[in-house]
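Participant: First, the structure itself, so that you have it in front of you.
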Amino acid sequence: FAQEKKMNTVKQLGVTDISELYQNKNYIMIDVREPDEWVQGVIPGVKKISLGNIDKLLPTLDKNANYILVCRSGGRSDKAAGKMTEAGFKNIINFRGGMLDWYSRNLPLEK
């Protein structure tokens with residue numbers, strides 16, 4: 001249960017809030033999907049770090065920056081957000097609904 005409790009400390013936002021935050025550029029978005037999923041389209045300007053690589057790349061990220069984590073539907077990005085929180089990152093938001101919601105709203109994409 002301890003891990004579950006920790007995960008709940010990550011802020012969860014849906015597509016409407018995320019698309020607004022995306023506009024203001026104060027957030028670094030990280031897409032934690034796999035490379036074969038990125039070819040379907042990513043949010044323009046997003047950093048691509050698959051969930052399997054997040055642990056080894058955490059030391060290269062600024063712990064004081066604001067991050068939004070995204071995956072296909074919100075599950076893997078929530079796991080990544082948990083790992084980042086445990087590593088001492090303070091400002092993490094999980095994109096609940098993920099790219100499925102982004103695609104359904106026809107929001108900007110980069111291929």
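Participant: At 0.36 nm per residue, minus the direct Cα-Cα distance, what do Lys63 and Arg105 gain on full extension? Give it in nm, one decimal, please.
Facilitator: 12.0 nm
Participant: Does anyone have the angle between helix 75-86 and the longest principal axis of the chain? Alpha-carbon axes, 0 to 90°, nearest 10?
Facilitator: Value to nearest ten degrees: 40.
Participant: Return the long-range amide H neighbours of Lys47 (sequence gap of 5 or more, or a different chain), with a cut-off of under 5 Å between placed amide H atoms.
Facilitator: Distant-sequence amide H within range of Lys47: Met29, Ile30, Asp31.
Participant: Continuing with the same structure: Would you mind working out the magnitude of the charge dipole of the chain relative to its Cα centre, with +1 at each Lys and Arg C-beta and -1 at each Asp and Glu C-beta, to the nearest 20 Debye? List each step's numbers first, then the result.
Facilitator: Values: 17 positive and 13 negative charges, 43 e Å.
About 200 debye.
Participant: Report the FRET efficiency, 1/(1 + (r/R0)^6), for Lys48 and Lys11, where r is their Cβ-Cβ distance and R0 is 30 Å, rounded to 0.05. Could you put the intermediate results ahead of the total?
Facilitator: Values: r = 22 Å, r/R0 = 0.73.
Efficiency for this residue pair is about 0.85.
Participant: Top mean-square fluctuation among Gln40, Gln23, Gln12, Gaussian network model of the chain, C-alpha springs under 10 Å?
Facilitator: Gln23
Participant: Ignoring ligands, DNA and RNA, what accessible area per residue does the chain give at 1.4 Å, in Å²?
Facilitator: Numbers: 6290 Å² over 111 residues.
That works out to 57 Å² per residue.
Participant: Once you've got the Cα coordinates, tell me which of Lys56/Lys111; Lys11/Lys83; Lys47/Lys83 are over 24 Å apart.
Facilitator: Exceeds cut-off: Lys56/Lys111.
Participant: Net charge near Ser77, counting Lys/Arg +1 and Asp/Glu -1 over other residues with Cβ under 11 Å of its Cβ?
Facilitator: So the environment of Ser77 carries a net charge of +4.
Participant: Just to check I understand the Karplus step: with θ = phi - 60° and J = 6.51 cos²θ - 1.76 cosθ + 1.60, what whole-Hz values come out for region 100-111, glycine and proline as x?
Facilitator: Whole-Hz 3J(HN,Hα) from phi for region 100-111: 4, 5, 4, 4, 5, 8, 6, 7, x, 9, 10, 10.
Participant: If you don't mind, there's one more thing I want to ask. Specify the angular offset, from 0 to 90 degrees and rounded to the nearest 10, of the alpha carbon long axis of helix 15-24 from the longest principal axis of the alpha carbons in the chain.
Facilitator: The two axes meet at around 90 degrees.
Participant: In the chain, carbon and sulfur make up what percent of the accessible area (probe 1.4 Å)? Could the numbers behind the result be given before it?
Facilitator: Values: 3090 of 6290 Å².
Whole-percent figure for carbon plus sulfur exposure: 49.
Participant: Under a 5 Å amide H to amide H cut-off, with H placed in plane at 1.01 Å, what residues pair with Lys11 once short-range neighbours are removed?
Facilitator: Ile92, Asn94
Participant: Counting only DSSP beta bridges with both residues in the chain, what percent are antiparallel, rounded to the nearest 5?
Facilitator: Of the beta bridges lying entirely in the chain, close to 5 percent run antiparallel.
Participant: Follow-up question, since we're still on this one. Tell me which of Asn26, Cys71, Phe89 sits at the most positive position along the dipole axis of the chain, charges placed on C-beta atoms (Lys, Arg +1; Asp, Glu -1).
Facilitator: The residue sitting most towards the positive pole is Phe89.
Participant: Given the options Glu37, Glu20, Glu86, which has the most mean-square fluctuation in a GNM of the chain, springs set between C-alpha atoms less than 10 angstrom apart?
Facilitator: In the Gaussian network model the winner is Glu20.
The values are calculated or read from the model by the stated rules, or taken from the named source; none is laboratory data. Model, not experiment: these values are computed from the prediction. Positions of Cβ are generated from backbone atoms using ideal geometry, with glycine treated the same way; all protein chains shown enter the neighbour counts. Heavy atoms of the whole protein, side chains included, go into the accessibility calculation; ligands, DNA and RNA do not. Shrake-Rupley method; radii C 1.70, N 1.55, O 1.52, S 1.80 Å.
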